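Written below as structure tokens is the structure these notes are about.
The values are calculated or read from the model by the stated rules, or taken from the named source; none is laboratory data. Remember, it's a predicted structure, so these values are computed and weren't measured experimentally. No Cβ is skipped: glycine too gets one built from the backbone with ideal geometry, and neighbour counts run over all protein chains shown.
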Amino acid sequence: MSNDDKAAVDKLHKVYGQMKDELGRVIVGQDQVVEQVLMAIFCRGHALLVGVPGLAKTLLVSTLARALELSYKRIQFTPDLMPSDITGTDVLEVDANSGRRSFRFVHGPIFANLVLADEINRTPPKTQAALLEAMQEQHVTVGEHTLDLPKPFFVLATQNPIEQEGTYPLPEAQLDRFLFNIIVDYPSETEEKEIIRRVTSPGGAAVTAMMTANDIIALQDIVKRVPVGDHVIEFASKLVRATRPKDASAPDFVKDMVGWGAGPRAGISLITAAKAHAVLRGRFHATTGDVAAVAAPVMRHRVITTFNAEAAGVSSDDVIKKLLQTIAPREELVV
């Protein structure tokens, strides 16, 4: 990395600490969730936030958009939502003077830097698929026209893990488009008391913008240039291949508990996220410890457990944790 890149990484490390403090004025706790969302953003990735209602998932995303000075739109997914409600549509207009008719494209809410897809599993696959092109290609096709989305562009989607009746689970092809599957858990006892105190008190904290869209694009390029040793790539590849029950390197517990393992995109995501993990800590290279630190959010939605595993209460997180114990990283993680 050049001296300019190192200076930018140092600056980001300092700004990251300030940003956590700034977000802490509105969001109580959830430090790990905030970090993983920021890592997804600096990796040009998308994130799926899974948690029960009332854990401030929507508030977190909207607050983050203000802290990063990004345009923000929220889409509430419902069973009657249509693809055009997301992408936009052509409307027929009549000129008041000439009486001439013409079509004008009205941009949908997808045209924003940060898009919150709230309860994404509540809408049919036809509408869910409207996000696929936007997430992967960074543009939208409407009729004969292909329109570029603003840069940077991220989709942060939420899911409620409790109510599954009348929902449409995301297909594996679309789940694979998400860099991270982030678990938003209940707050601690101390955090919950502070949440109650803040929400029931008058007034609210304002958030100061810490970055701009151009700053984020520059940092994304720097993250891309973070060097990674061959042994780190080998560790990531070995970890991903070990999740596939038909692979010769898969441990016996994987063959018993996993139906389908992670694909090649998981390895790419592990290395990309490991780079961002290192940069947020002010380091200029990614280690196997960084890969291990991001393994759960990267792979939990890419490792499909068997019925026997579900019956025994074994989750994909349990499989990943056991794999990390079996294939231990070479370096200790520097937090």
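Checking Arg66 against (1) outside any strand (DSSP E or B); (2) in contact with a strand residue (DSSP E or B) (Cβ under 9 Å, 6 or more places away or on another chain); (3) within 26 Å of Gln174 (Cα to Cα): exactly one of these is not met. Which one?
Looking at each condition in turn, Arg66 falls short on (3).
Can you list residue pairs whose Cβ atoms sit under 8 Å apart, with the first residue in the range 69-89 being assigned to a helix (DSSP H, G or I) and the second being crowded, with 18+ Cβ neighbours inside 10 Å and modelled with pLDDT of 85 or more? Count only pairs 6 or more apart in sequence or on different chains.
Pairs that qualify, where the first residue is assigned to a helix (DSSP H, G or I) and the partner is crowded, with 18+ Cβ neighbours inside 10 Å and modelled with pLDDT of 85 or more, are Asp85/Ile75; Ile86/Ile75; Ile86/Ile110; Thr87/Ile110.
Working only within the range 37-59, note down all residues that are out of contact with any strand residue (DSSP E or B) (no Cβ under 6 Å at 6 or more places or on another chain) and more than 15 Å from Asp185 (Cβ to Cβ). Outline the logic, then answer.
Within the range 37-59, the subset out of contact with any strand residue (DSSP E or B) (no Cβ under 6 Å at 6 or more places or on another chain) is 38-39, 42-45, 51-56, 58-59.
Listed by number, the residues that qualify are Leu38, Met39, Phe42, Cys43, Arg44, Gly45, Thr58, Leu59.
Give the range 1-50 a look and list any residue that's in a loop (DSSP other than H, G, I, E, B), farther than 13 Å from Ile182 by Cα and within 21 Å of the chain's Cα centre (by Cα), or say none. Full working, then the answer.
So the first thing to find is which residues in the range 1-50 are in a loop (DSSP other than H, G, I, E, B), and the list is 1-2, 25-30, 43-46.
Next cut, farther than 13 Å from Ile182 by Cα only: 1-2, 25-29, 43-44.
Those that are in a loop (DSSP other than H, G, I, E, B), farther than 13 Å from Ile182 by Cα and within 21 Å of the chain's Cα centre (by Cα): Val26, Ile27, Val28, Gly29, Cys43, Arg44.
Any idea how many residues of the range 234-265 are in contact (Cβ under 8 Å) with a residue 40 or more places away in the chain and in a helix (DSSP H, G or I)?
Going through the range 234-265 one residue at a time, the tally reaches 10.
Looking at this structure, is Asp290 part of a helix (DSSP H, G or I), surrounded by 17 or more Cβ atoms within 10 Å (Cβ to Cβ) and of a type in the set (D, E, K, R)?
yes
Condition test on Ala96, is it farther than 30 Å from Pro169 by Cα and among the small types (Gly, Ala, Ser)?
yes
Picking from Gln76, Gln36, Gln30, which residue would you name as being touching a helix residue (DSSP H, G or I) at 6+ places or on another chain (Cβ under 8 Å), more than 23 Å from Lys151 (Cβ to Cβ) and among the polar types (S, T, N, Q)?
Gln30
Is it the case, given these coordinates, that Arg283 is in contact (Cβ under 8 Å) with a residue 24 or more places away in the chain, assigned to a loop (DSSP other than H, G, I, E, B) and farther than 20 Å from Leu175 by Cα?
Yes.
Looking at Leu156, is it surrounded by 14 or more Cβ atoms within 10 Å (Cβ to Cβ), under 20 Å from Met19 (Cα atoms) and under 19 Å from the mean Cα position of the chain (by Cα)? Outline the logic, then answer.
Values: surrounded by 14 or more Cβ atoms within 10 Å (Cβ to Cβ): yes; under 20 Å from Met19 (Cα atoms): yes; under 19 Å from the mean Cα position of the chain (by Cα): yes.
Yes.
Can you tell me which condition Thr200 does not meet? The list is (1) without any contact (Cβ under 8 Å) to a residue 40 or more places away in the chain; (2) surrounded by 12 or more Cβ atoms within 10 Å (Cβ to Cβ); (3) polar (S, T, N, Q), and all the others hold.
In the conditions (1) without any contact (Cβ under 8 Å) to a residue 40 or more places away in the chain; (2) surrounded by 12 or more Cβ atoms within 10 Å (Cβ to Cβ); (3) polar (S, T, N, Q), Thr200 misses (2) alone.
So which of Val232, Val240 ends up being farther than 22 Å from Ala47 by Cβ, modelled with pLDDT of 90 or more and of a type in the set (Val, Ile, Thr)?
Details: Val240 fails: farther than 22 Å from Ala47 by Cβ.
Selected residue: Val232, the only one of Val232, Val240 that is farther than 22 Å from Ala47 by Cβ, modelled with pLDDT of 90 or more and of a type in the set (Val, Ile, Thr).
Is it the case that some residue within the range 211-229 is surrounded by fewer than 17 Cβ atoms within 10 Å (Cβ to Cβ), farther than 25 Å from Val9 by Cβ and of a type in the set (Asp, Glu)?
Taking every residue of the range 211-229 in turn, none turns out to be surrounded by fewer than 17 Cβ atoms within 10 Å (Cβ to Cβ), farther than 25 Å from Val9 by Cβ and of a type in the set (Asp, Glu).
Please go through the range 120-151 and pick out each residue that is exposed (fewer than 14 other Cβ atoms within 10 Å of the Cβ), over 30 Å from Val52 (Cβ atoms) and polar (S, T, N, Q).
Matches in the range 120-151: Thr141, Thr146.
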